[in-house]
Each structure stands twice: as structure tokens, then as C-alpha cells.
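Let me begin by presenting the structure, written as C-alpha cells, before commenting on it.
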Amino acid sequence: MGLLNLFSKPAPALVRLPSGSFTVDRGGHILVATLPSSFPAARVQEIGRAVLEAFREAQAAQLPLSELVIHYASLKISAREMRGGAMIYLAPKTPITPLK
């Protein structure tokens, strides 16, 4: 049975959905964030990179895109273009309630 443990992957850690905002510059560097420190910085950078890429592609296609709203099943991401950078807001769709 020990041989089977070599091939099993560890379960990914669950992360509480964030509520807050952050600003990225043209290069994708995070300038200011109000997100909880428990939310992984790699995820924040990944979201920022994807938003900036969407704004750049819209500009290259000559589409006037200044705001982007993405609805997931339990998370809403809103972003506003700011001179090459972006202000990005993350909000869970259900209010955060403390566990009893």
C-alpha cells in the first residue's frame, strides 16, 4: 500500500473568497491592495495579469473597453482601466459570515 501513496497528490488547500480591491500598474506590479493577507499573492498577480491582458487586447482590436465585469458562481471581479493599469475589485456573491 505504500507504493500507492507515491502517486497520490496532496489535496489543495481551501482559501476563503476574498473581499477587497487592488491596483496594478502597466507592468502588472501590485501597487496597493486591501485584500486579506491570507489570500495568495500569486492569485492576485494572476488576476491582475489576466485583466491587463484583456484591456490590451481590446485596445489592439480598437474596442473601447474601460470596464470589465466577470461573474463566477461565487465571486464577482470588476475592473476599471486606468492609463494602462487597472483597479480591480473582488467580491464574494454571498456575504461572509463567521463560522460558529
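The values are calculated or read from the model by the stated rules, or taken from the named source; none is laboratory data. Everything numeric here is computed off the predicted structure, so don't read it as measured data. Cβ sites come from the backbone with ideal geometry, for glycine too, and all protein chains shown count toward neighbours.
Inside region 30-44, residues that are in a helix (DSSP H, G or I) and closer than 11 Å to Ile88 by Cα make up a count of 1. The residue of region 63-83 that is nearest to Gly20 (Cα to Cα), among those that are hydrophobic (A, V, I, L, M, F, W, C) and part of a loop (DSSP other than H, G, I, E, B), is Ala73. Within region 1-21, residues that are closer than 18 Å to Ile88 by Cα and at pLDDT 70 or above reach partners that are in a loop (DSSP other than H, G, I, E, B) and among the β-branched types (Val, Ile, Thr) with beta carbons closer than 7 Å, at six or more positions or on different chains, in the pairs Ser19/Ile96; Gly20/Thr34; Ser21/Thr34.
Looking only at residues that are of a type outside the set (Asp, Glu) and closer than 15 Å to Asp25 by Cα in region 51-65, which one is nearest to the chain's Cα centre (by Cα)? Only one residue tops the list, namely Val51.
Restricting attention to region 63-76, does a residue exist that is small (Gly, Ala, Ser) and either touching a residue at least 40 places away in the same chain (Cβ under 8 Å) or in contact with a His (Cβ under 9 Å, 6 or more places away or on another chain) (or both)? Looking through region 63-76, at least one residue is small (Gly, Ala, Ser) and either touching a residue at least 40 places away in the same chain (Cβ under 8 Å) or in contact with a His (Cβ under 9 Å, 6 or more places away or on another chain) (or both). The residues on offer are Ala73, Ala60, and the sole one that is of a type in the set (Gly, Ala, Ser) and modelled with pLDDT under 90 is Ala73.
Check whether at least one residue in region 22-43 is loosely packed, with under 11 Cβ neighbours inside 10 Å and of a type in the set (Ser, Thr, Tyr), and report yes or no. The answer is yes; a qualifying residue exists.
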